[in-house]
Amino acid sequence: MKILSLSTTFLLVSMSVAHANCWNNEDRSSPIREFTTCFDGKCIDDELLLVCGGTLGFWAKFSGGFRVLCKSEVTGSGYNTVSQASDCKYFLGDYELSQQQTKLLSCTPKDPEEYGCDWFPDDNGE
């Protein structure tokens, strides 16, 4: 019973840590984070709805339909652990973009201090 209790506690703590680096505004209860997102030169005013990152992966979602899903590359250990996005897949709606199509994506934050464009391949060096 003690092992079961300890396992459950560990699972709950690890789940909390795994989701600690998330920002979710899908219910529009937080201030809106605004961007101009473009695909092949056609641009829209857009909002960041969700962004998460950590050892389990990285993902972001915009109201205009842009989504990114990345694996997590973890280096180091203990307090020196660093997670970086790798092997990203980009989507417009449910359509997965090819590597060539991702080059047509761009993003400009309305607030110059905003970091939500880090997910776009032309802005993060991919």
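The numbers here are math on the coordinates, done by the rules we state, and not lab data. These numbers come from a predicted model, not from an experiment. So basically every Cβ, Gly included, is an ideal-geometry build from the backbone, and we count neighbours across all protein chains shown.
Kindly state, to the nearest 0.05, the FRET efficiency for K110 paired with S86, given R0 = 25 Å and r defined as their beta-carbon distance.
So the FRET efficiency works out to roughly 0.30.
Would you mind classifying the stretch 21-119 by shape? Square roots of the alpha carbon gyration tensor eigenvalues, ordered a ≥ b ≥ c; an a/c under 1.5 is rounded, otherwise it is prolate if a/b is larger than b/c and oblate if not.
Numbers: a/c = 1.99, a/b = 1.34, b/c = 1.49.
It comes out oblate by the Cα gyration axes.
For the stretch 21-69, restrict the atom set to alpha-carbon positions and state the Rg and Dmax in Å.
11.5, 34
From the phi of every residue in the stretch 41-56, what ³J(HN,Hα) in whole Hz does the Karplus formula 6.51 cos²θ - 1.76 cosθ + 1.60 yield, where θ is phi - 60° and glycine or proline is x?
The phi angles translate into x, 9, 10, 9, 6, 9, 10, 7, 9, 7, 8, 9, x, x, 5, 8 Hz.
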